[in-house]
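Peer 1: Right, I'll just put the structure down here and ask away after.
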Amino acid sequence: MYDELFDRLSKSDFRSRFKLKEKDILYIEQKGLNTIKSHARDFIAKRIAPAEIKNDGKQTPTKGHPVFIAQHATACCCRGCISKWHNFPKAVPLDNEQQDYLVSIIMEWIRRQML
């Protein structure tokens, strides 16, 4: 479903650098994918969905949680990247459907990393 997007992302030197490490995979296995998805949903709702984000472009760490890594790998890390890669306008709150789309991309990337 997301093959075209993942193909484009793989051609980005920056995006393709992000990979899950062994400790990230262990964390996912311990918590389970449903919990990780819940974390992704929460991070997107609180850090990405609002129209105005005071530290946009810096709100997503590059390590510390598998979802953060996935957000950078999938260009779901800030409104600028989301605008560029996913065509959602900046300065407009993300609706539930848009948030679900971003979460599904993040989770698909994580699933592919777990293989």
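Peer 1: In this model, which of 11/54; 11/84; 23/46; 31/54; 63/84 are farther than 20 Å apart at the alpha-carbon? Don't skip to the answer; put the middle values down first.
Peer 2: Working: 11/54 30 Å; 11/84 15 Å; 23/46 25 Å; 31/54 31 Å; 63/84 22 Å.
Exceeds cut-off: 11/54; 23/46; 31/54; 63/84.
Peer 1: A further question follows. More than 21 angstrom separation, counting every C-alpha pair in the chain; what % is that? Intermediate results must be reported in sequence, preceding the final value.
Peer 2: Numbers: 1992 of 6555 pairs.
Of all Cα-Cα pairs in the chain, 30 percent lie more than 21 Å apart.
Peer 1: Hey, what number do you get for the chain at 222 nm if only DSSP H runs of n ≥ 4 count, each worth -39500 (n - 2.57), divided across all residues, to the nearest 500?
Peer 2: Working: 7 runs with 68 residues, N = 115.
The helix contribution divided over the chain gives -17000 deg cm²/dmol.
Peer 1: Under a point spin-label approximation (7 Å from Cα along Cα-to-Cβ), what is the residue 55-residue 10 distance to one decimal in nm?
Peer 2: 3.4
Peer 1: Residue 25 versus residue 95, label points 7 Å from Cα toward the beta carbon: distance in nm?
Peer 2: 3.9
Peer 1: For each of 114, 107, 1, count neighbouring Cβ atoms within 10 Å of the residue's Cβ, then give the residues from fewest to most.
Peer 2: Values: 114 13, 107 18, 1 8.
Listing 114, 107, 1 from fewest to most nearby Cβ atoms yields 1, 114, 107.
Peer 1: Something else now. Arranged by the count of other C-beta atoms within 10 angstrom, fewest first, what order do 3, 42 take? It would help to have the intermediate numbers written out before the result.
Peer 2: Values: 3 8, 42 12.
Listing 3, 42 from fewest to most nearby Cβ atoms yields 3, 42.
Peer 1: Using amide H atoms built 1.01 Å from N in the peptide plane, name the residues 5+ places from residue 77, or on other chains, whose amide H lies under 5 Å from its own.
Peer 2: Amide H neighbours of residue 77, under 5 Å, 5+ apart: 82.
Peer 1: Taking neighbour Cβ counts within 10 Å as the exposure measure, how do 76, 81 sort from fewest upward? Write down the numbers at each step before the final one.
Peer 2: Values: 76 25, 81 20.
With the fewest neighbours first, 76, 81 line up as 81, 76.
Peer 1: While we're looking at this one, here's another question. So which residue, out of 30, 71, 99, gets the largest mean-square fluctuation from a GNM of the chain using Cα contacts under 10 Å as springs?
Peer 2: Sorting by GNM fluctuation, first place goes to 30.
Bear in mind that the values in this text are calculations on the coordinates, not laboratory data. All figures in this text were calculated on a predicted structure; none of them were measured in a lab. FYI the Cβ positions are ideal-geometry reconstructions off the backbone, even for glycines, and counts take in every protein chain you see.
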